[in-house]
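Trainee: Quick one: this structure, given as structure tokens, is what I'll be asking you about.
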Amino acid sequence: MRIEFLVVYLITFLVFLDTHGLAPLMAPYARTLGAPVYLIGWIVGLYSVANLMGNLGGGWWADRVGRKLPLVVGLTVVAAALLAYPLLREPHALLVVRFLHGMGSALVTPAALAYLGDASLSTSRGGTMALYGVAYGMSGLIGPPLAGIVRDRLGYPAVFIGLSALMLTVALVAGAKVRGSRISSPERPASRIPWRSLLRVGLSVSFLAAFCWMFMMGTLLVFLPLIGEERGFTAARVGMLFGGFALAATLVQASPLGRLSDRWGRFPLIALGLALIAIALLALSVSYRWGQMMGGMAIYGLGFGFLFPAMSALLVDETTPLTRGKASGVFMAMISVGMIVGSGMAGLMNQWHRAAGIHPFQFAAMVVSLGVLWTVVGGLMVRRLRSARMNRNTP
């Protein structure tokens, strides 16, 4: 494996380690600064809003100047934001730093995804993206417990400063090892390629799959801890449920199963992954014991292990180097939108549960099922378009 791939996988791991590790710490840290509950909600949510905005701009920038500069600048901004957290003395300043933190992270993720797409072969993209998914999954498995342990033993500043040092180090490594070739040419600069070039059926499948996955995740993050609390589970046991998902997903993507989309095609694996996620949600909605819920989370991890490499590889298949940064930005933005909508609809889903008996996980399963349906329809449409194109080119 080339050194550049290892560096980009390391960047991915550390950026998501930062995201996952700080997720359970930001609300209590904001409270130590005297933030009221409403302001804590803004502080926590602003990171996702900044990510949504930054993903689109960062993807466009990566197409215009190449992948290296957004990686280095984004990592440096993240490092600076992390270093600023311990210096804050009042909660409103935390809003500004949190926004900058989200923007910096949003510059990195589309550029990293686009770089892997540029450098991978069409016959091995599923495997390349599976390792990208492994980096993501391992960050989710390691980040929260590691950050919690450091916070308990050394305090919040140690978490922030330690992560900042890691980001600065990997920014220097990226500056030295990642190639910085310009993607566009003077004849056809990426900045002049319209956004409507992304209106492709195949890309729509990848974007919708990303939205469905994170809608489900947003719903899960709100309701699974609450349900666990109602059923008497300790916080550690609830955390183990999420850890079980991350472990299952990582094992699938690290095994030959993570490369199945290179052999079977992207659309069947996306449909299979989403279908397994919908089944996991339905299983969770009728599970009452911890072991049953762990089984449901394992099915979710299996589904994600099939889904993520396939939908990421499809994104690369359906783009060129001139549009890949934009497409990666939209892809990451759909992830942010899915999380915002899934968690934001929690109140409505709770009302529907009380009024009509529709469990929140059942509603999320219906949303994911729409993704399965569009994947099947979109796959058939793409196949017909390719067949018609081949027939036109046949003498």
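Trainee: Look at residue 161 and say whether it is at pLDDT 90 or above and either in contact with a Pro (Cβ under 8 Å, 6 or more places away or on another chain) or on the phi > 0 side of the Ramachandran plot (or both).
Mentor: Criteria met by residue 161.
Trainee: Looking at 49, 72 in this structure, which one is surrounded by fewer than 18 Cβ atoms within 10 Å (Cβ to Cβ) and not aromatic (Phe, Trp, Tyr)?
Mentor: Going through 49, 72 in turn, just one is surrounded by fewer than 18 Cβ atoms within 10 Å (Cβ to Cβ) and not aromatic (Phe, Trp, Tyr): 49.
Trainee: Here is a list: 141, 154, 146, 116. Which entry is hydrophobic (A, V, I, L, M, F, W, C) and in contact with a Phe, Trp or Tyr (Cβ under 7 Å, 6 or more places away or on another chain)?
Mentor: Within the list 141, 154, 146, 116, the selection yields 116.
Trainee: I need the full set of residues from region 179-230 which are among the basic types (Lys, Arg), loosely packed, with under 13 Cβ neighbours inside 10 Å and modelled with pLDDT under 65, in order please.
Mentor: 188, 192, 196
Trainee: Restricting to region 243-264, what's the tally of residues that are part of a helix (DSSP H, G or I) and either buried (at least 21 other Cβ atoms within 10 Å of the Cβ) or of a type outside the set (A, V, I, L, M, F, W, C) (or both)?
Mentor: Summing the residues that are part of a helix (DSSP H, G or I) and either buried (at least 21 other Cβ atoms within 10 Å of the Cβ) or of a type outside the set (A, V, I, L, M, F, W, C) (or both) in region 243-264 gives 15.
Trainee: For region 82-106, name all the residues that are in contact with a Gly (Cβ under 8 Å, 6 or more places away or on another chain) and either buried (at least 24 other Cβ atoms within 10 Å of the Cβ) or among the acidic types (Asp, Glu) (or both).
Mentor: Those that are in contact with a Gly (Cβ under 8 Å, 6 or more places away or on another chain) and either buried (at least 24 other Cβ atoms within 10 Å of the Cβ) or among the acidic types (Asp, Glu) (or both): 90, 102, 104, 105, 106.
Trainee: Wholly within region 22-115, which helices (runs of 4 or more DSSP H) include no fewer than the required count, namely at least 1 residues that are of a type in the set (Gly, Ala, Ser) and touching a Ser or Thr at 6+ places or on another chain (Cβ under 9 Å)?
Mentor: The qualifying helices (runs of 4 or more DSSP H) are 37-65, 68-84.
Trainee: Whether any residue in region 23-34 is out of contact with any Phe, Trp or Tyr (no Cβ under 7 Å at 6 or more places or on another chain), surrounded by fewer than 21 Cβ atoms within 10 Å (Cβ to Cβ) and on the phi > 0 side of the Ramachandran plot is what I want to check.
Mentor: yes
Trainee: How do the pairs read when you match residues in region 149-160 that are surrounded by 18 or more Cβ atoms within 10 Å (Cβ to Cβ) with residues anywhere that are of a type in the set (Lys, Arg), using Cβ under 7 Å and keeping only pairs 6 or more apart or on different chains?
Mentor: Qualifying pairs under 7 Å: 159/151.
The values are calculated or read from the model by the stated rules, or taken from the named source; none is laboratory data. The structure displayed is predicted, hence computed values, not measured ones. Cβ sites come from the backbone with ideal geometry, for glycine too, and all protein chains shown count toward neighbours.
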